[in-house]
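Presented below is the structure to which this report refers.
Every number in this text was worked out from the coordinates using simple rules, so none of it is lab data. It should be emphasised that the depicted structure is a prediction, and the values quoted were computed from it without experimental measurement. As a convention, Cβ positions derive from the backbone with ideal geometry for all residues, glycine included, and neighbour counts pool all protein chains shown.
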Amino acid sequence: MTMPNEMFQSIRNARHFMLALMDPKQTPKVPKDIRKRARDRLKHFPSEYEINELEKLHSAQEADPNVLLELCMKGLDSLRGEAIILERKINLVGSKIVEAMNKSGRS
């Protein structure tokens, strides 16, 4: 049976392998289409940061449900902050559109 730490290490190894495939210095004589396929796969592959966060969540879940809740709340706070920033940007763009419409209506 595969243990969780082995699964996370396997994901890291796969990521490092694809990164190496993309680098001609590390892996010479690899065809361009293989390098492209590795690059395409990495677009949606978890980053090292995301792998670490998933590993923390898994460990916290096993150790203490309160730790898992705290990590989730931190994630929600981060998302809330991003939503506030996006809302401000949308309002700014909206006000510029209204301003442009008002100017064009005056002409």
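Points worth noting:
- Its Cα gyration tensor gives the range 1-63 an equivalent ellipsoid; the semi-axes, largest first and in whole Å, are 29, 11, 8.
- Net charge contributed by nearby residues that have their C-beta within less than 12 Å of Asp33 (K/R +1, D/E -1): +4
- Relative contact order for the chain, counting Cα pairs under 8 Å that sit 6 or more residues apart, in percent: 17 percent
- The range 66-107 - Rg and Dmax from Cα coordinates, angstrom: 18.3, 62
- Euclidean distance between Cα centres, the range 16-62 to the range 81-107, Å: 39 Å
- Of (i) 181; (ii) 116; (iii) 106, the label for volume of the Cα convex hull per residue in Å³ derived from the coordinates: (i)
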